[in-house]
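Bear in mind that the values in this text are calculations on the coordinates, not laboratory data. All values reported here derive from a predicted model rather than from experimental measurement. When we count neighbours, we look across all protein chains shown, and the Cβ atoms used for this are built from the backbone with ideal geometry, even at glycine.
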Amino acid sequence: MSLRPALTTAAGAALLVVLATPAVTEATPDPNETVTTAPGATATAAPDETVTVDPTGRIAADGTVTLSGTYRCLDGTSPVFVSSTVAQNPPTLWRGISGARAVCDGAEHRWVNTGHVASGALGPGSARVKTTLVELRAQGILPLPAVRVTQEQEITLVAG
């Protein structure tokens, strides 16, 4: 196997580990928003590293979900990604909605993640979205995920 497919596979596996790991919630002033870090992960976010989720997402008739928001991160030594998951009924079943490479230059950037879920798995209405900035750091032969900052909040999915 060549190096590029091996690294792509490792990066994908690392992102799945981050997305599948239950989160531990830390208290914040706003009861509708919580900042979380995965158990065992080191939250290395600088005070000015942030990720936000727009209050409205879209869901198409074919199950395509589009979520968006903003992020700001400082330069890292390894690739950083913006990943997102969404949960509806039951609220503990998180569905991955894709991820994108982040530009960590200290400026605020927009992110948009689009993914497809099984027909009927999600619908218009209230939903929870978890968005994470995760850095893949070299640890031996494989890159391992390091959560930089996570935002979880209630949004509304609208048909569209």
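Full extension of the chain between residue 158 and residue 61 gives 33.9 nm of extra length, using 0.36 nm per residue less the Cα-Cα distance. Each of 131, 114, 66, 156 was scored by other Cβ atoms within 10 Å of its Cβ. Listed from fewest to most, they are 156, 114, 66, 131. Placing unit charges on each Cβ (+1 for Lys and Arg, -1 for Asp and Glu) gives the stretch 42-160 a dipole about its Cα centre, and among 111, 156, 123 the Cα reaching farthest toward its positive end belongs to 123. Amide H contacts under 5 Å for residue 149: 133, restricted to partners 5 or more places along the chain or on a different chain, H placed in the peptide plane at 1.01 Å from N.
Ordered by the count of other Cβ atoms within 10 Å of each Cβ, fewest first, 128, 148, 72, 110 give 110, 128, 72, 148.
Label zone (residue 109, point 7 Å along Cα-to-C-beta; backbone nitrogen cut-off 12 Å) within the stretch 49-74: 70-74.
Ordering 150, 132, 56 by the number of other Cβ atoms within 10 Å of each residue's own Cβ, fewest first, gives 56, 150, 132. Using θ = phi - 60° in the Karplus curve 6.51 cos²θ - 1.76 cosθ + 1.60, the 3J(HN,Hα) couplings for the stretch 144-158 round to 10, x, 10, 6, 9, 6, 10, 10, 10, 7, 7, 9, 10, 8, 10 Hz; x is entered for Gly and Pro. Amide H to amide H, with H built 1.01 Å from N, residue 53 comes under 5 Å of 70, counting only residues 5 or more places away or on other chains. Karplus-based coupling profile of the stretch 123-132, in residue order and whole Hz: x, x, x, 5, 8, 9, 10, 10, 10, 10, with θ = phi - 60° in 6.51 cos²θ - 1.76 cosθ + 1.60 and x standing for Gly or Pro.
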